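Just below is one structure, and these are the notes that go with it.
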Amino acid sequence: MISVMDLNVRLVFLRGGEGVGTDHWWERLKTEGSPFLKTQDRVQFLWRDPQGDEHSSDTVCVILDVNSITDHHTWTPKCLQRVAGTDVWFAELDINPQWRGSYSFIPLKAHQLPEVVKQQGDDSVQAQRDWWVSVAAQQIFDPLNSLPVLRSGWGVSSALHMPNAPKEVGWEAWDKGDLPRVSRDAIKTFHWVSESLINHRDCQLFSTAKGKAPLVILLDGQKWGAGSGCLSVLDFLTDQKQLPPAHYLLVPSIDSKTRWQELSCYRPFWDAIHSELLPDVAQYLNHTACSTSEYLVAGQSLGGLSSLYAGLTFPKRYRKVISLSGSYWWPEVNRMHASHLEEALSNSPPKGGLAERLESKTLDAAHLSVYQTVGSGEADMCFYNDQMLNALNNSGADVCYHVFCGGHDWLSWRSGLVEGLRYLLSNEVD
C-alpha cells in the first residue's frame, strides 16, 4: 500500500526544516504508513535507526533491497542516506507504477561495508556473492508498513503495491485483516514417512469441498500454510463462488538440499507421492465422504519446473498445471549463475531440459492445460519461460501465459496461484 502524505510532513527535512526525527514527526509518519508516493512512479522509503543518530549508532549504511530491482551482483547496491544529526534514513527510487513486490532494509556495521570486505578479500564474483549472502541474512521489514510482514527463505520483508498494480482477488481482504486465519482443526496433517526417498515430512490437507472435488497439489507447501493467509483466501473465494470447492494438499520441502533434488525433474519423488502419499490421502477422503475428481499440480521456481515435469511425465494423472516463474534453465545450473544475461541468451535450449525434450518429441504436451507466469523483473527467467511457452504451444498444449510486473517473489506468486486456480478450475464453478 502506497501512502500519499502531506509533503510538509515527510519531506521537510530535505528543505532543512525543524522537527525531523522527533517522536511526534515519526508518529505522524507511522499513522500514514509507508512507503510513500511522491509521483506515480517515484517512491520514498524511510527507516528509523533504533540506536539514534550517527553519534550513538553503529549502523553506517542501510541497503534498500527491493526484490528484483536492487542489484544483488554488485558491490554498490542502492542504499538509504542518513539525515545528519537524526535517526532518519531515507531513499527514493523510480519504480514502474504497475509493480508489485517485496522490499526490506539491511543495516550494516563498519566492518560489513562492501568496500571494506572487498579490500580484505578479492574482487571475484564469488567474493561478492558471499558478501551479499552474509548481509542479506540481516534483512528487516519496514516498521512503518501496515501490511502483514512477509516471510521467505531470505528472511522477513514488507509489501510494496504500486498504484497501478493489478487488483489481487482475495488477498486484499487478507491484508486488511478481514479474513480469519484457518484453524488447526480444519487441517488434516499426514506424517509422510517415505521408504523410497528415505525421508519424512508433515503434509497438510485442507478442503473447501464436502464431496468429490479436484485435488490441488501445492509444492513448497510450507509456504502456503495457514500463516501465509493462502488457506483463508482459498476458503473466502470458494464462499464467494470465485473458486470451486477443492481439496488442497500441501507438500513441503524438507530443506534446500532435498528440494534441489526432489524438484529438479526427479521421478522418484513423484513415484513416491503416487505410491505412498496419495493412497493415504484418498483413504482419508473416503472416510469423510469425499473423493478426488481430478488432479492439478502447482509450484513456483523449481516447483514450477517440477509441476510441469509431473504433467508431462504422468499424462494419465495430471492434465492441469500451474507454473509460476518456472526454473526452465534446468538442468544447466551454470545458466542460473550467468554473470550477464547475454551469456544465457546466446545459448540454445538447455540440453536435456523440458523444452528440448518437447521439441524433440520425446515428451508430449497435447493433453495439458497450463497456467504459466513469469515476472518482468526476472531477467533471463523471462527468456527461458518464453522458450518453454513456444515448446508447449508447438506440442499442442493449451497455455495461458502471463508476464506480471514484478520479480522472483512470493508476493507475486500468491496472486498467480489464485489466478491460475480460477483459470484452470473455472469450469467447475457453479
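Any read-out appearing in this document is the output of simple, stated calculations on the displayed coordinates, not a laboratory observation. None of these values were measured; they are calculated from a predicted model. Virtual Cβ from ideal backbone geometry, glycine too; neighbours counted across all protein chains shown.
List the aspartates and glutamates whose Cα lies under 17 Å from the Cα of Lys320, skipping any in the same chain that are fewer than 8 positions away.
The reachable aspartates and glutamates, counting only those whose Cα sits under 17 Å from Lys320, are Glu294, Asp364, Asp398, Glu419, Glu428.
In deg cm²/dmol, rounded to 500, what helix-only [θ] at 222 nm does the chain give when every DSSP H run of at least 4 residues adds -39500 (n - 2.57) and the total is split over its residues? Each step should come with its number before you reach the end.
Values: 14 runs with 124 residues, N = 430.
After summing the helix terms and dividing by the residues of the chain, the value is -8000 deg cm²/dmol.
Using Cα positions and a limit of under 19 Å, work out the aspartates and glutamates in reach of Lys176, with same-chain residues fewer than 8 apart set aside.
Glu32, Asp142, Glu168, Asp235, Asp239
What ³J(HN,Hα) values, in whole Hz, does the Karplus curve 6.51 cos²θ - 1.76 cosθ + 1.60 give for region 252-267 when θ = phi - 60°, with x put for Gly and Pro?
Result, ordered by residue: x, 8, 6, 7, 4, 5, 5, 4, 4, 6, 6, 9, 9, 6, 9, 4 Hz.
Evaluate the charge dipole of the chain about its Cα centre and quote only its size in Debye, nearest 20, assuming +1 on the Cβ of each Lys and Arg and -1 on the Cβ of each Asp and Glu. Let's see the in-between values first.
Numbers: 37 positive and 50 negative charges, 199 e Å.
Approximately 960 debye in magnitude.
Hey, what's the per residue convex hull volume over the C-alpha atoms of region 98-174, in cubic angstrom? Spell out each step's value before the answer.
On the way: hull volume 9.7 nm³, N = 77.
Hull volume over Cα atoms, normalised by residue count, gives 126 Å³.
Select from the chain the helices, each a whole stretch of DSSP H, whose alpha-carbon atoms run 15 Å or more along the helix axis and whose Kyte-Doolittle mean is at least 0.0; answer none if there are none.
Details: long enough: 125-136 (16 Å, -0.12); 302-313 (16 Å, 1.02); 380-394 (21 Å, -0.49); 410-424 (20 Å, 0.09).
Both cut-offs are met by 302-313, 410-424.
At what distance in angstrom do the alpha carbon centres of region 198-252 and region 131-172 lie from each other?
After rounding, the separation between the Cα centres reads 23 Å.
For Leu243, list long-range residues whose amide hydrogen, built 1.01 Å from N in the peptide plane, is under 5 Å from its own amide hydrogen.
Amide H to amide H, under 5 Å and 5 or more residues apart or across chains, Leu243 pairs with Thr238.
Tell me, how many Å apart are the Cα centres for region 274-313 and for region 45-68?
First find each Cα centre; the distance between them is then 45 Å.
Note down, for region 171-428, the three equivalent ellipsoid semi-axes (square root of 5 times each alpha carbon gyration tensor eigenvalue), biggest first, whole angstrom. Can you show the working numbers first?
Numbers: eigenvalues 169, 85, 63 Å².
Working through the eigenvalues yields semi-axes of 29, 21, 18 Å.
Show me the trypsin sites (Lys or Arg not before Pro) within region 192-284 that DSSP assigns to loop and that have at most 12 other Cβ atoms within 10 Å of their Cβ. Display every interim value, and only then the final one.
On the way: sites: Arg201, Lys210, Lys212, Lys223, Lys241, Lys257, Arg259; in loops: Lys210, Lys241.
Those satisfying the criteria are Lys210, Lys241.
Using alpha carbons only, what's the Rg to Rh ratio of region 184-249 with Rh from Kirkwood?
Values: Rg = 12.9 Å, Rh = 12.8 Å.
In region 184-249, Rg relative to Rh is 1.01.
Over the Cα atoms of region 220-284, each weighted equally, I'd like the Debye log10 I(q)/I(0) at q = 0.20, 0.22, 0.23, 0.25 Å⁻¹, rounded to two decimals.
Rounded to two decimals, the profile gives -0.94, -1.01, -1.04, -1.08.
Longest segment of the chain with no GluC sites (Glu not before Pro) in a DSSP loop having at most 14 other Cβ atoms within 10 Å? It would help to have the intermediate numbers written out before the result.
On the way: sites that count: Glu18, Glu195.
Free of exposed loop sites, the longest segment is 196-430.
Which translational diffusion coefficient, to the nearest whole µm²/s, is obtained for region 7-161 from the Stokes-Einstein equation, given a Kirkwood hydrodynamic radius over C-alpha pairs, 4 °C and 1.567 mPa s?
79
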